[in-house]
Amino acid sequence: MKKDIPGKDWPKTLLSWFDRNGRELPWREDKPRNPYHVWISEIMLQQTRTEAVKPYFNSWMERFPTIHDLARAEESEVLHQWQGLGYYSRARNIHKAAREIEEKYGGTLPDRKEAVLSLPGIGNYTAGAILSMAYGKKEGAVDGNVLRVYARLYEVEEDILKSSGRKEIEKLVESTLPERAGDFNEALMDLGAEICIPRNPRCESCPLSSECRALLHGREKELPIRSAKKAPKEEQAACGVWIREGRVLLHKRPSKGMLASMWEFPMALASSAEEARQGLEKLLLGTAGDSMWHYRHVFTHRIWHMNAYQMKEARVPDGEYRWFTPEEYREIPLAGPHARLAAFVEKLVD
Ligand code: SF4
């Protein structure tokens, strides 16, 4: 009789592979798993590599060991702790959610799906991860890794970035979830991170190689189907470095929008470097010297080509501008690439 591929027992095969090969990670140390640890690690892992997350996770837990500690902290402390991870709305949402959990649920993450999903910054994926890993519920957690693995295993022809492709895979996940759903979700994450990787999957080491339709048909590098992404917007950014009596002038960004409420060097954006520099001179009513620092920063949908200029004969514009010594600005949340510029400027301050 012809064997179905993948066969119905592949989740068991994957789980026994995971029992022997699962990664040791700081947030997997507690048994049973701590819901707070699962939550914070999953949010940190969105858009950030596992290796980069480890030190952030450890220092976060030292600073805010419980949801109660996090709820009582100021937003600026939370943002400062997050500094370097990027996508700061994640940190803001964690903070808001912690306050809500403290108020409504006495500081413990709820174990009901609707309640978890109603918290700021928690979507289907994170809710599924928390409920399955920390509360033993039979819930899937579909992220990019899971979409890729299933698209290959089942040879899914739909675009996984479209909702039809996603729905098809969500149904497959639901129909294949075993009792140990938390371990299964983590096993899929590990398989997607280490073996069924985006470009050149390591099929020779894969525990599911005899179950995979894409491999059977030689399509493992062609799948999943993904529509082309829009090219990011490129902008030139001119940053003003104005040092006066051992202090540096910084500006607080508006409380809404990109990098909200974070501090930055006075900055002007334009489509050419010269226009950006003129914009900066206009903002500070001063003269910008030669560019002394250059950096290219890539966000999800935009790229900043940054130049920093030492300012002469400038004036402080209206708005939220303040002078900081390097010791002081090390303690405030600096907006993404401005933290790099701040490290460079430290050497210039007497
Ligand atoms: S056999 Fe290859 S393509 Fe298929 S699941 Fe394993 S690593 Fe991915």
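The values are calculated or read from the model by the stated rules, or taken from the named source; none is laboratory data. Everything numeric in this text was worked out from a predicted model, so none of it was measured. No Cβ is skipped: glycine too gets one built from the backbone with ideal geometry, and neighbour counts run over all protein chains shown. Quick note on the areas: whole protein, heavy atoms, side chains included, nothing else; ligands and nucleic acids left out. Shrake-Rupley method; radii C 1.70, N 1.55, O 1.52, S 1.80 Å.
Numbers for the structure displayed
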{"item": "Odd one out for LEU223 among (1) in contact with a strand residue (DSSP E or B) (Cβ under 7 Å, 6 or more places away or on another chain); (2) open to solvent by less than 40 Å² (accessible area, probe 1.4 Å); (3) over 30 Å from GLU74 (Cα atoms)", "result": "(1)"}
{"item": "Every residue from region 69-91 that is modelled with pLDDT of 95 or more, surrounded by fewer than 16 Cβ atoms within 10 Å (Cβ to Cβ) and assigned to a helix (DSSP H, G or I)", "result": "ASP69, ARG72"}
{"item": "Subset tally (residues that are open to solvent by less than 30 Å² (accessible area, probe 1.4 Å) and within 16 Å of the ligand (Cβ to nearest atom)) for region 148-175", "result": "10"}
{"item": "Those residues of region 113-162 which are under 26 Å from GLY218 (Cβ atoms) and polar (S, T, N, Q), in sequence order", "result": "ASN145"}
{"item": "Subset of region 196-216 that is near the ligand (Cβ under 6 Å from one of its atoms) and touching a residue at least 40 places away in the same chain (Cβ under 8 Å) - its residue that is most open to solvent (accessible area, probe 1.4 Å)", "result": "LEU215"}
{"item": "Looking only at region 325-338, and only at residues there that are surrounded by 19 or more Cβ atoms within 10 Å (Cβ to Cβ) and out of contact with any helix residue (DSSP H, G or I) (no Cβ under 8 Å at 6 or more places or on another chain), the one that is nearest to SER255 (Cα to Cα)", "result": "ALA335"}
{"item": "Unique match (being in a helix (DSSP H, G or I) and either open to solvent by 100 Å² or more (accessible area, probe 1.4 Å) or under 16 Å from PHE184 (Cβ atoms) (or both)) among PRO6, PRO55, PRO11", "result": "PRO11"}
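Residues are listed down the side, and each one gets a yes or a no for (1) part of a strand (DSSP E or B); (2) at pLDDT 95 or above; (3) within 16 Å of the ligand (Cβ to nearest atom):
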position: GLU179; (1), (2), (3): no, yes, no
position: GLY182; (1), (2), (3): no, yes, no
position: GLY218; (1), (2), (3): no, yes, yes
position: LYS230; (1), (2), (3): no, no, no
position: GLY240; (1), (2), (3): yes, yes, no
position: HIS251; (1), (2), (3): yes, yes, no
